[in-house]
Amino acid sequence: MAQRLSDDEVDSKLADGWNREGDEIVRVYEFDTYLDGVDFAASIGEVAEEEYHHPEITIRYKKVEVRLTSHEEGGLTEKDLRLADLFDDEL
């Protein structure tokens, strides 16, 4: 089981473009077309499955919102920050 990070640890390690909302980190990615967003969601879904850490993904017209948290730990862990970085690499 991963160890929950302190608020200061999350704030200091959070990647650009990501925001903290309570016990989650959130980012909205914007795309030129709806299908570009769908392709991105599929791509990060595969990354999440490989990492066995599954985000909440919401697809909207030209936007994909991603929310990460570690439910078992009751907050944010290194797994969430790592996955955020991996998702950004998929752009």
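If ALA84 satisfies all but one of (1) surrounded by 15 or more Cβ atoms within 10 Å (Cβ to Cβ); (2) part of a strand (DSSP E or B), what's the number of the condition it fails?
The one condition ALA84 does not meet is (2).
Going through the range 19-57 one residue at a time, which ones are of a type in the set (Ser, Thr, Tyr), surrounded by 12 or more Cβ atoms within 10 Å (Cβ to Cβ) and over 11 Å from the mean Cα position of the chain (by Cα)?
TYR34, SER43, listed by residue number.
Name the single residue that is surrounded by the most Cβ atoms within 10 Å (Cβ to Cβ) among those in the range 58-74 being assigned to a loop (DSSP other than H, G, I, E, B) and without any contact (Cβ under 8 Å) to a residue 60 or more places away in the chain.
Result: THR69.
Would you mention how many residues in the range 13-39 are among the charged types (D, E, K, R), farther than 18 Å from LEU68 by Cα and outside any loop (DSSP other than H, G, I, E, B)?
Residues meeting the conditions: 2.
When you scan the range 10-22, how many residues do you find that are of a type outside the set (Gly, Ala, Ser) and in contact with a helix residue (DSSP H, G or I) (Cβ under 9 Å, 6 or more places away or on another chain)?
Total satisfying the criteria: 6.
List every residue pair whose Cβ atoms sit under 6 Å apart, with the two residues 6 or more apart in sequence or on different chains, where the first one lies in the range 26-47 and is at negative phi and the second, anywhere, is aliphatic (A, V, I, L, M) and assigned to a helix (DSSP H, G or I).
VAL47/LEU86
Read-outs: derived from the displayed coordinates by stated rules, not from any lab. As the structure is a computational prediction, the values presented were derived from the model and not from experiment. Neighbour counts run over all protein chains shown; Cβ positions are idealised from the backbone, glycine included.
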